[in-house]
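Inspection log for the structure reproduced underneath, given as structure tokens.
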Amino acid sequence: MQCSDRLGFPKTDPARWRLYSDELGATQWKYLTSDKELDENPQSFYVKYILQNMTPEELDQLVRETNSNIDESRSQSFNTAVKGGRFLKKFQEPSGIFPMQYKGPMFMTIGYIVVNYISNNEIEDSTKIELIRYLVNTAHPVDGGWGLHEVDKSTCFGTSLGYISLRLLGVPADNPVCVKARKTLHSFGGAINNPHWGKAWLSVLNLFNWDGVNPAPAELWLTPYKYNPIHPGKWWVHTRAIYQPLSYLCAIKYQGPETKLIKEIRSEIFIKDFDSIQWSKHRNDVCGVDLYYPHTTVLDIANFAMVQYNKYIRPKWLVKYANKKVYELIKKEMFNTGGLCIAPVSYAFNACVVLIEEGADSELFKNMLRDFKDVLFHGPQGMTVMGTNGGQVWDASFVVQYFFMSGLAELDEFEDLIIRSFKFLLRSQFTTDCIDGSFRDKRTGAFPYSTKTQGYTVSDCTAEGIKALIMVSQHPKYAEKVKGLIDEQLLFKGIDVLLSLQNLGNFHYGSFATYEKIRATPLLEKINPAEVFGNIMVEYPYVECTDSAVLGLTFFTKYYDYRHEEIQFSISKAIDYICGAQNPDGSWYGCWGVCFTYAGMFALEALSTVKRSYNDDPVVRKGCDFFASRQMPSGGWGESMKSSETHTYVDSERPLVVQTAWALIGLILGKYPNKQIIDNGIKFLIAQQQPNGEWVSEGIEGVFNHSCAIEYPNYRFAFPIKALGLYDRMCKGTL
């Protein structure tokens, strides 16, 4: 039973929810109100499963289907992979995607609520009920607050946004959930101690004063890109996407309507009277529990100078001109992303700007309200705003590859799954470049993380997507079935984009970052204003992205001669970077998964593609030995998200399926000689599989910016299937 159920909060009827996806992978939830709609739109397996709406008969039937017609002549490890594949197959949508609730961060939903509130748009009751349920069910069990992410300690930022969200959604102040959360918020000194993003959202809502928010100068966008070393166009894409609209809102000091409810919330979230607060004295006040990245002296000086400039020098005509430039860039961002923007935080801030510029009745703003539903996702705890509009391309690429690497793709029962995902990936490849003046690189031929519509190239997604397409098109079982579907010229352009993303300048030579090459010095981190995140000002090199690039490029060279010498050079320099990034203990620090286990798996796989193994390479030997030293007595592996925060390996409380699979993949591909260690890990994976073929979700798989956890629910299928299949093929499958 969920906490919201025990506390008597209403819930919607799970049988009335449907998930719809289009050919490009966009997903939207809809609550059906008529019996006719219910009859005409049967609930999918995925929706029944995730909303826990399956009957006992259906659950029994699932177990029977999973375990029927198992080839007993095959190994136990292979048959375990088959059962996992059968369960995962039921998740697949007709569009070829594998939907998931990409959740974890607790600062996304506030934007959706704020935009609807300040535009006086009523959120649908079914959505409102489930948004409330999610917040109630993710509150800290002891103090009732919320953190930066779902499994975090309570923070001022998370508790402020969670509390305000509940109040705006209609939960009264005297509800026990609000009472408990408010007490915790007051223990942090009240909402005055929010970090920068929290202060900004509260200011937009008219719950804070912009005098208490450190400035975000819109004028920076007017400076020459070529000659300004701190031009926002050189920042990391997420940071510049957020501070673009934020600079607009900050410049005009926009505040929403002062409603009766807003006045009530003002009296609840501070520990002193709202009208008595001297806002300018609190610009740099941040609760200690929130402060992951403290201000540098450089930032404090810059903030002081900008405050004085805004107060005494800044001409109104320049503000107007700068905001005109910013709004032009926002419109370009929306054009490049089909209106979605890169992620929900910038989407919500952009929606505020569009509301100001175009009005609540404008077609553009109404479209933004409609498309906001692409990032809403429902689950057993309720509904929340995801980290982006999903991970459709990323997951489909992995599933396709790992079904081939495990041998599952050779079975007839998985042929439709492969073909559907293959066609989805073909539709997801970019066929146009971004509009000029967007500070964006060429993208034609590349792949996004989620959907083509979202519009952002990602280096590792491009590499993995290309590899998946080639894997299908070159396999004897599928070659004729997909013949002529791949546009090889578009594939070559994807390789062009991938090669262009390698850092071959002054910063981290040979590495790959995420969306772009590193455009500016990492010294820009000294003006990082976010306070809750590290390494957000510029692109950084990532072992995982570099590993994936190697995997994609080495696989491409098996079948194509296009730019062969340049690709070999790129692979060589990437391998040099990977080897150089290894820590003295043999580990690699991972930035997009938890943590040393995730990066170590990718690194060892990349090294295996250039024929490096345990017996002949000291880097592989150290990497494998590190993994072996971390195995738990049960045979599994488990690493805490605390590793990401502390940059030191921290064991989880118990072994975890996904991380066990990661370690096993690295050891198997690294050709680790102690088979007993690998055998014990495989036994653990087999033992953890449920009778219906699934592996239960156990914990956080992902992380970003070192401090925020995020879930990748489909990893619990993809990686165990890969590990089990590799074991069957490379270790003879005998336990």
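The values are calculated or read from the model by the stated rules, or taken from the named source; none is laboratory data. Remember, it's a predicted structure, so these values are computed and weren't measured experimentally. We place every Cβ from the backbone using ideal geometry, glycine too, and count neighbours over all the protein chains shown. SASA here: full protein model, heavy atoms, side chains in, ligands and nucleic acids out. Shrake-Rupley method; radii C 1.70, N 1.55, O 1.52, S 1.80 Å.
Which net charge results when you count Lys and Arg as +1 and Asp and Glu as -1 among the other residues whose beta-carbon is under 14 Å from that of K320? Walk me through the numbers on the way to the answer.
Values: positive: K253, R314, K316, K324, K325; negative: E219, E328, E357.
Charge balance in the 14 Å sphere: +2.
Using the Karplus relation 6.51 cos²θ - 1.76 cosθ + 1.60 with θ = phi - 60°, the per-residue 3J(HN,Hα) values for the range 86-100 come to 5, 5, 4, 4, 5, 6, 5, 7, x, 6, x, 8, 10, x, 7 Hz, with x marking Gly and Pro. Amide H contacts of V458 (H built 1.01 Å from N, in plane; Pro and chain starts excluded): F447, Y449 sit under 5 Å, all sequence-distant by 5 or more or on other chains. With all protein chains in place and a 1.4 Å probe, the accessible surface of the chain carries 52 percent carbon and sulfur.
What's the ranking of 186-196, 433-443, 512-522 by average number of surrounding C-beta atoms within 10 Å, highest first? The partial results should precede the final answer.
On the way: 186-196: 22.3, 433-443: 16.0, 512-522: 20.5.
Order by mean packing, descending: 186-196, 512-522, 433-443.
As a rough guide to protection, the peptides 72-81, 712-721 ranked by mean Cβ packing within 10 Å, highest first, stand as 712-721, 72-81. Here is how the number arises for the chain: DSSP H runs of 4 or more residues each give -39500 (n - 2.57), the sum is divided by the residue count, and the result at 222 nm is -14500 deg cm²/dmol.
Here the range 601-735 is treated with +1 on each Lys and Arg Cβ and -1 on each Asp and Glu Cβ, and its dipole about the Cα centre works out to around 520 debye. Among residues other than Q659 with Cβ under 13 Å from its Cβ, the summed charge is -2 (Lys and Arg +1, Asp and Glu -1).
Restricted to Cα atoms, the range 440-486 shows a radius of gyration and a Dmax of 12.5, 39 angstrom.
If you scale each eigenvalue of the Cα gyration tensor by 5 and take the root, what three semi-axes come out for the range 391-498, rounded to whole angstrom and sorted largest first? The partial results should precede the final answer.
Details: eigenvalues 135, 35, 21 Å².
Whole-Å semi-axes of the equivalent ellipsoid: 26, 13, 10.
Full extension of the segment from K675 to Q568, taken as 0.36 nm per residue of separation minus the current Cα-Cα distance, would add 35.2 nm.
Placing unit charges on C-beta atoms (Lys and Arg positive, Asp and Glu negative, everything else neutral), compute the dipole magnitude of the range 189-273 about its Cα centre in debye, rounded to 20. The partial results should precede the final answer.
Details: 9 positive and 6 negative charges, 51 e Å.
Charge dipole, the range 189-273, about its Cα centre: 240 debye, nearest 20.
Note on the range 532-594: the alpha carbon radius of gyration divided by the globular reference 2.2 N^0.38 Å gives 1.33. Distance between the C-alpha centres of the range 348-412 and the range 169-223: 26 Å, rounded to the whole angstrom. Our coupling estimate for the range 561-567, obtained by passing each phi through the Karplus curve with A = 6.51, B = -1.76, C = 1.60 and θ = phi - 60°, is 9, 4, 6, 4, 5, 5, 5 Hz, Gly and Pro reported as x.
Going by average Cβ density within 10 Å per residue, which order do the peptides 95-108, 618-631 take, highest to lowest? List each step's numbers first, then the result.
Values: 95-108: 24.8, 618-631: 20.1.
Output ranking for 95-108, 618-631: 95-108, 618-631.
Cross-link partners of K483 among lysines, defined as those whose alpha carbon lies under 20 angstrom from its own and excluding same-chain residues fewer than eight positions apart: K423, K467, K493, K558. Here's how it looks for M383: its modeled amide H is under 5 Å from those of L131, R133, Y134, which are all 5 or more places away or on a different chain. Here each label is just a point 7 Å from Cα along the line to Cβ, and for Q690 and N284 those points are 5.2 nm apart. When Rg and the Kirkwood radius Rh are both evaluated on Cα atoms of the range 182-327, their ratio Rg/Rh stands at 0.98. Any idea what log10 I(q)/I(0) is at q = 0.14 Å⁻¹ for the range 252-399, Debye with uniform C-alpha scatterers and no solvent? Result of the Debye calculation: -1.13.
For the range 211-263, the alpha carbon convex hull comes to 92 Å³ per residue, rounded to a whole number.
Counting only Cα atoms, the range 73-196 measures 65, 33, 29 Å along its principal axes, largest extent leading. Of the residues A479, N336, I50, the one whose Cα sits farthest toward the positive end of the charge dipole of the chain, with +1 on the Cβ of Lys and Arg and -1 on the Cβ of Asp and Glu, is N336.
Seen from a random direction on average, the alpha-carbon convex hull of the range 437-571 projects onto 9.8 square nanometres. Solvent-free Debye calculation, one equal scatterer per alpha-carbon of the range 449-515: log10 I(q)/I(0) at 0.20, 0.22, 0.25 Å⁻¹ equals -0.88, -0.98, -1.11. Once you divide the Cα radius of gyration of the range 313-438 by 2.2 N^0.38 Å, the number left is 1.46.
Sorted from largest to smallest, which semi-axis lengths in Å does the alpha carbon gyration tensor of the range 1-77 give for its equivalent ellipsoid, taking the root of 5 times each eigenvalue? Present the calculation step by step, with values, prior to reporting the outcome.
Details: eigenvalues 184, 76, 37 Å².
In descending order, the three semi-axes are 30, 19, 14 Å.
Looking at the range 633-735, the pairs of alpha carbons with a distance over 18 Å make up 47% of the total. Where does the Debye-calculated log10 I(q)/I(0) of the range 17-56 sit at q = 0.27, 0.32 Å⁻¹, using only Cα point scatterers of equal weight, no solvent? With no solvent term, the Cα-only Debye profile gives -1.02, -1.14.
For the cross-link pairs K103/K331; K83/K573; K622/K642; K30/K180; K153/K311, the ones whose C-alpha atoms lie over 30 Å apart are K83/K573; K30/K180; K153/K311.
When every alpha-carbon pair in the range 555-694 is counted, what percent end up more than 24 Å apart? Present the calculation step by step, with values, prior to reporting the outcome.
Details: 3340 of 9730 pairs.
For the range 555-694, the fraction of Cα-Cα distances above 24 Å is 34 percent.
Between the beta carbons of L222 and D39, assuming R0 = 56 Å, the FRET efficiency works out to 0.45 to the nearest 0.05.
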